[in-house]
Amino acid sequence: MTIVIAIDGPAAAGKGTLGARLAQHYGLAKLDTGLLYRATGVKVLAAGGNPEDPVAAEAAARALDPAELANPALRGDAAAQAASKVSAIPGVRAALLDFQREFAKNPPVLADGSPAQGAILDGRDIGTTVCPHADAKLFVTASTEVRAERRFKELQERGHEAIYARVLEDMKERDARDSGRSASPLAAADDAYMLDTSALNADQAFQAAVAFISSKNLF
Ligand code: DC
């Protein structure tokens, strides 16, 4: 049996950074499940389609090749918005479910060639839908303003022109869509540890997560 850790939460709450550090610390293979939705959205856009079209979006999700997850364009805002749209389509979610569960069950070897102790998946519905029996679940959140500020700085650091008010608006729009959709909306599992990172830096968030995971005696 491999250990499975689920991390859920809204955009820019710090899930990615935290997940990467936990994966390194515990020797776990990590899957950023948002990339699956981003890659699906980008595939639809690249074919000239509409990410809100269920037929085109589901076909793109079914045809997804894991190699496409390395595309740097997936990090951009167009990909984020398209991802948020395709992710509301039940057929897309169903198409991506097996891939995520298989990763959790049989995690790939780590970058250094050693076997993984287990898997860590981050997303919106890992603890509720994808891996409801995960050994440890964290729900990472932060206020909308703090998340917009982090996203704004990240865009600036990458050399993109950004306007804070616009980033905040996009964040609110994406939050509403992710939480309001009927298919597997963003939600904390009943047994998730709630980690609000609004006033925490990355080290503090990591320490809090490790303290919670230690309490589960998994390693
Ligand atoms: O985490 P992210 O910003 O890369 O996610 C992009 C979009 O994908 C987000 O708006 C919601 C969706 N998503 C989802 O619905 N379920 C997941 N497990 C992960 C992401």
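All of the numbers you see were taken from the coordinates with simple rules; none came from a lab. Fair warning: this is a prediction, and the values are worked out from it, not measured in the lab. When we count neighbours, we look across all protein chains shown, and the Cβ atoms used for this are built from the backbone with ideal geometry, even at glycine.
Cα-based Rg of the stretch 106-215 per 2.2 N^0.38 Å, rounded to two decimals?
Output field value: 1.25.
If the convex hull of the alpha-carbon atoms of the chain is projected onto planes in all directions, what is the mean projected area in square nanometres?
For the chain, the mean projected area of the Cα convex hull comes to 11.7 nm².
Tell me, what is the percent relative contact order of the chain, built from C-alpha pairs under 8 Å that lie six or more residues apart?
It comes to 33 percent, rounded to a whole number.
With respect to the cross-link table entries Lys30/Lys153; Lys43/Lys137; Lys15/Lys85; Lys172/Lys216; Lys15/Lys172, which display a Cα-Cα separation exceeding 28 Å?
From Lys30/Lys153; Lys43/Lys137; Lys15/Lys85; Lys172/Lys216; Lys15/Lys172, over 28 Å: Lys43/Lys137; Lys172/Lys216.
Can you work out the FRET efficiency for the pair Lys105 and Ala78, with r the C-beta to C-beta distance and R0 = 41 Å, to the nearest 0.05?
In this case the efficiency is close to 0.80.
Would you mind pulling out the separation of the Cα centroids of the stretch 137-157 and the stretch 1-48, in Å?
15
Note the full-extension length gain between Thr2 and Ala202 as 0.36 nm times their separation in residues minus their Cα-Cα distance, in nm to one decimal.
Gain on stretching Thr2 to Ala202: 69.4 nm.
With the cut-off at 1.5 for a/c, could you classify the stretch 159-200 from its C-alpha gyration tensor as rounded, prolate or oblate?
Judged from the Cα gyration tensor, the stretch 159-200 comes out oblate (a/c at least 1.5, b/c at or above a/b).
Based on the alpha carbon coordinates of the stretch 33-136, what radius of gyration and maximum Cα-Cα distance (Dmax) apply, in Å?
Both quantities, over Cα of the stretch 33-136: 14.0, 42 Å.
What residue among Ile3, Ala82, Thr40 has its Cα farthest toward the positive end of the dipole of the chain, where the charges are +1 on Lys, Arg and -1 on Asp, Glu, each on the Cβ?
Ile3
At 222 nm, what helix-only mean residue ellipticity would the chain give, in deg cm²/dmol to the nearest 500, using -39500 (n - 2.57) for each DSSP H run of four or more?
Rounded to the nearest 500, it is -15000 deg cm²/dmol.
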